Amino acid sequence: MDKLGEKIKQARKEKGLTLAEVGKIVKCSPSFISGIERGKVSPSIATLKRIAAALETHIVDFFVAPGVPAEPVVMKEKDRTQISMSRWKAEVNLLVRSTTGKRMSPFYTVIQPGGGAPGKYSHEGEEFGIVLKGDLEITLNDTIYRVKEGESFYYSSMLPHSWINPTQKETIVVWVVSPPSW
């Protein structure tokens, strides 16, 4: 988490923004933003999206190591960038090195029982995925969809949405977001 905070702080400073300015844009207090930067606070996906938008970047840019080499045609499992936050109880693995200049973000997501992004959020674009193992519960507006192993989903990201693993077993999903908002 400390690296996440450090990258957010670095991006904020590169943009010449104060904690107060970012807080105003993101609709959070400057102390909350400071807590994230110091690794003391775990933000929601919705908050991370707003911070990334305020800093004119994508969420994955907070996790990708600087100086990442050119995009390979084949990406080995060991080379994936892992985005893991205890609040989510999920490990999100970026299936490309960077989303810069791309029209989609593919992810391999392992969600622990009860894990996910329970707070609804929305953004430009569309999402597609297939559940490889377990079950996933997706809420769009106020409708709950249960996606079982082997089933796929597709929806407009502009609808307020959330997702969670409602089972007592691990869930694995290959997820694609277009355009990259992560």
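Odds and ends about this structure:
- Answer from 144, 83, 138, 111 - the residue that is without any contact (Cβ under 8 Å) to a residue 12 or more places away in the chain, touching a strand residue (DSSP E or B) at 6+ places or on another chain (Cβ under 9 Å) and among the β-branched types (Val, Ile, Thr): 144
- Taken residue by residue, the range 67-79 has no member that is in contact (Cβ under 8 Å) with a residue 60 or more places away in the chain and in contact with a helix residue (DSSP H, G or I) (Cβ under 9 Å, 6 or more places away or on another chain).
- Residue list for the range 147-182, restricted to those being touching a residue at least 60 places away in the same chain (Cβ under 8 Å), touching a Pro at 6+ places or on another chain (Cβ under 9 Å) and assigned to a strand (DSSP E or B): 171, 174, 175, 176, 177
- Any hit, the range 115-129, residues being surrounded by 14 or more Cβ atoms within 10 Å (Cβ to Cβ), free of Cβ contacts under 8 Å to residues at least 40 places away in the same chain, within 13 Å of the chain's Cα centre (by Cα) and not assigned by TED's automatic domain parsing to the domain that holds residue 44: yes
- Boolean, residue 98 is touching a helix residue (DSSP H, G or I) at 6+ places or on another chain (Cβ under 9 Å) and not assigned by TED's automatic domain parsing to the domain that holds residue 48: yes
The values are calculated or read from the model by the stated rules, or taken from the named source; none is laboratory data. All of these numbers come straight from a predicted model, not from anything done at the bench. Using ideal geometry, Cβ is built from the backbone for each residue, glycine included, and neighbour counts are taken over all protein chains shown.
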